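J.: Would you mind keeping the following structure in view while I ask a few things?
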């Protein structure tokens with residue numbers, strides 16, 4: 001039964017991380033349910049760090065060609081003057097991703113210092129409210145069709161999208177949903193909003209993993225529990241890979257309304273029953 005539970009939690013992370021329904025919000029909902037059942041003893045914070053790493057690996061694999069291209073062009077622009085004409089666009093795009101990452105990074109540090117997330121997570125009904133907020137914003141951009149391509153994204157666009165990612169640190173506000181909404185509000189093409197959103201995810205997720213590893217080194221975990229964590233991470237990675245590819249098609253087809261309906265229903269149920 002314990003193994004099945006960890007597989008299920010890995011599955012939950014894998015499915016909800018890439019799609020705009022808030023993986024952190026769903027984890028808190030399940031944590032509340034398990035507490036109420038009083039028959040599950042799971043360190044959800046540690047599990048979240050490890051399964052998030054599984055999702056990170058999946059996203060890196062999916063975007064590996066673009067990541068390698070960005071890294072090569074970035075350093076080629078710096079060290080090879082002859083290549084600057086061909087590499088300038090990706091060099092600037094890399095800096096735009098850095099700019100987009102700053103707001104969430106700053107808020108993350110502040111939130112950790114004042115235990116902001118711990119305070120927000122104490123009331124699961126708050127997650128219900130934030131899921132409804134996610135639903136509203138997904139509904140608002142359901143018919144948006146931006147025209148900006150990758151090369152037309154400005155530093156201002158990047159920073160504004162970064163502000164949306166900053167807000168998504170709140171449980172129940174979907175990170176992918178918030179950043180894609182932000183991208184569409186800045187008139188990016190659907191595909192570009194999707195790509196920028198997930199490339200933004202990588203540095204933030206790496207930072208989260210590093211901080212999480214630091215905490216892991218301070219606690220004692222049995223070998224049996226480690227096996228369960230690893231299984232959950234592998235499941236999370238597999239399903240993140242599958243659902244990210246599926247979600248890319250959904251975004252391209254402009255069918256975010258389905259996620260809006262889902263978040264609204266779940267949010268209302270959480271407020272009523274939890």
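J.: Does region 152-173 hold any residues that are more than 19 Å from residue 126 (Cα to Cα) and in a helix (DSSP H, G or I), and which are they?
T.: Result: 152, 155, 156, 157, 158, 159, 160, 161, 162, 163.
J.: A further question on this structure: Could you please find all residues in region 169-220 being over 19 Å from residue 248 (Cβ atoms) and within 12 Å of the chain's Cα centre (by Cα)?
T.: If the condition is that a residue be over 19 Å from residue 248 (Cβ atoms) and within 12 Å of the chain's Cα centre (by Cα), then 169, 170, 171, 172, 173, 203, 204, 206, 208 are the ones that fit.
J.: Let me ask something additional. When you scan region 245-262, do you find a residue that is within 24 Å of residue 45 (Cα to Cα) and in contact with a helix residue (DSSP H, G or I) (Cβ under 8 Å, 6 or more places away or on another chain), even just one?
T.: No, that holds for no residue.
J.: Related question: Does at least one position in region 212-230 carry a residue that is in contact with a helix residue (DSSP H, G or I) (Cβ under 7 Å, 6 or more places away or on another chain), crowded, with 16+ Cβ neighbours inside 10 Å and modelled with pLDDT of 90 or more?
T.: Yes, because at least one residue in region 212-230 is in contact with a helix residue (DSSP H, G or I) (Cβ under 7 Å, 6 or more places away or on another chain), crowded, with 16+ Cβ neighbours inside 10 Å and modelled with pLDDT of 90 or more.
The values are calculated or read from the model by the stated rules, or taken from the named source; none is laboratory data. All of these numbers come straight from a predicted model, not from anything done at the bench. Backbone-built Cβ (ideal geometry, glycine too); neighbour counts: all protein chains shown.
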